[in-house]
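To keep things clear, I will list the structure first and then write my remarks on it.
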Amino acid sequence: MKKFMSEGTNNTLLKVIGKVLLSLLLALFITFILSIVSTLLYVFISNDPVALESIAGSVDLNDPVIVLVLYIPQVLGFILAVILMYIIFEKKQKWFIGWKQRDWGKQVLFGSIIGMILMSISFLIIWILGGVTVDSINANSGLWIQLALSFLIFILTAVNEELFCRGYLQGLFKYHYGVWPAILSSSFIFAGLHLFNASVLDSPLPLINIFLVGVLLALSREVSGGLWMPIGIHLTWNYFQGNIFGFEVSGNEVNSWIQISSQGSSLINGGLFGAEGSIVATLVILVATFTFIKWVQKHSHLTLS
């Protein structure tokens with residue numbers, strides 16, 4: 001009997017790992033195909049044969065062309081991968097992916113306020129500790145268009161990553177192993193997806209903090225019963241970090257309202273990875289995470305078991 005149970009457990013684990021790998025490969029494959037199609041369409045429409053060279057390898061999210069040609073295919077790749085994986089393998093299991101919520105507007109608003117507060121606190125502490133100086137406020141008339149473009153990008157980022165990590169992956173692990181294994185596993189994979197970001201390996205803190213942010217987002221998914229609260233947190237955490245306070249966002253430079261200069265230790269200011277590479281962000285995320293857990297414990301109708 002024990003041998004049979006052990007074999008059954010191992011088979012289930014292998015199937016889950018296989019689905020995780022398949023979902024990643026499927027997302028990358030769809031992204032690759034869509035990127036080729038969108039790039040060729042752009043070259044054809046623009047009638048610019050050298051456009052392909054200027055687009056290839058670019059990660060400038062301030063460039064609308066790059067967003068259209070390369071970033072949107074990536075977002076669609078992961079979203080379509082989740083939809084296909086769920087329909088083919090999971091729909092018959094009837095576990096909830098978290099996309100449909102009646103109060104989705106309330107949840108995304110509440111999450112957005114949380115993300116804004118957490119990043120604002122992080123910025124203030126870093127500034128007080130001398131990790132950054134405020135140089136100026138950007139009054140460029142073209143800034144608002146750039147900020148609007150970035151807001152759209154970060155909406156797409158939040159929807160894309162939350163649907164994949166907190167929707168599909170967390171839901172998959174929760175169905176087979178329970179809440180906490182799902183929270184930790186999906187957060188570990190979430191951190192792994194950032195391994196190719198610029199400056200992520202400059203110190204251990206960026207990956208540690210991405211993992212901890214993943215835990216916080218996963219907790220908010222469990223507390224709220226869906227994806228819209230973590231989508232809101234994810235959106236404003238990124239947007240305020242980069243476009244308001246002037247940090248890099250996970251190693252990516254963006255246009256910002258406040259112009260800052262880093263000084264002193266990267267342990268405090270996060271270095272080239274941004275505020276989420278800072279020990280300050282570590283402490284802020286941990287406090288927020290334990291606050292979530294305490295809040296759940298005080299409300300008998302909520303559970304993390």
If we restrict to alpha carbons, what Rg and Dmax does the chain come to, in Å?
20.3, 72
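If each residue's Cβ is checked for other Cβ atoms within 10 Å, how do 253, 276 rank with the fewest at the top?
Values: 253 17, 276 29.
Lowest to highest Cβ neighbour count: 253, 276.
For every helix of n ≥ 4 consecutive DSSP H residues, a contribution of -39,500 (n - 2.57) applies; sum these over the chain, divide by its total residues, and give [θ] at 222 nm rounded to the nearest 500 deg cm²/dmol.
On the way: 11 runs with 186 residues, N = 305.
Helix-only estimate at 222 nm: -20500 deg cm²/dmol.
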Across bins of 10 angstrom width beginning at 0, how are the C-alpha pair distances of the range 171-272 distributed, in whole percent?
15, 41, 31, 12, 2
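Placing unit charges on C-beta atoms (Lys and Arg positive, Asp and Glu negative, everything else neutral), compute the dipole magnitude of the chain about its Cα centre in debye, rounded to 20. Before the final figure, lay out the partial values.
Values: 15 positive and 15 negative charges, 354 e Å.
Roughly 1700 debye for the chain.
Tell me the relative contact order for the chain as a rounded percent, counting alpha carbon contacts under 8 Å between residues six or more apart.
Details: 450 pairs, mean separation 66.1, N = 305.
Computed value for the chain: 22 percent relative contact order.
Pull out the extension gain between residue 290 and residue 143, defined as 0.36 nm times the separation in residues minus the alpha carbon to alpha carbon distance; nm, one decimal.
Details: separation 147, 0.36 × 147 = 52.92 nm, distance 3.72 nm.
Result: 49.2 nm gained on full extension.
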Remind me, relative contact order of the range 159-305 in percent, using alpha carbon pairs under 8 angstrom and six or more residues apart?
22
Ranked packing of 163-173, 204-214, 82-92, most packed first, by mean Cβ within 10 Å:
163-173, 204-214, 82-92
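Would you mind classifying the range 125-176 by shape? Square roots of the alpha carbon gyration tensor eigenvalues, ordered a ≥ b ≥ c; an a/c under 1.5 is rounded, otherwise it is prolate if a/b is larger than b/c and oblate if not.
Working: a/c = 8.39, a/b = 1.77, b/c = 4.75.
Oblate, since a/c reaches 1.5 and b/c is not below a/b.
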Out of 139, 275, 198, any idea which swings most in a Gaussian network model of the chain, alpha carbons joined below 10 Å?
139
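Kindly rank 116-122, 240-246 from highest to lowest mean number of other beta carbons found within 10 Å of each residue. List each step's numbers first, then the result.
On the way: 116-122: 19.9, 240-246: 24.6.
Order by mean packing, descending: 240-246, 116-122.
Which pairs break 24 Å Cα to Cα here: 100/294; 19/294; 19/106; 19/91; 19/94? Provide the component values of the computation, followed by the final result.
Numbers: 100/294 26 Å; 19/294 33 Å; 19/106 32 Å; 19/91 14 Å; 19/94 16 Å.
Over 24 Å Cα-Cα: 100/294; 19/294; 19/106.
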Please list, short to long, the whole-number percent of alpha-carbon pairs of the range 238-305 in consecutive 10 angstrom bins beginning at zero.
21, 37, 21, 17, 4
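Each value in this text was obtained by applying a stated rule to the coordinates, not by laboratory testing. Predicted model only: the values in this text are computed from it and were never measured. As a convention, Cβ positions derive from the backbone with ideal geometry for all residues, glycine included, and neighbour counts pool all protein chains shown.
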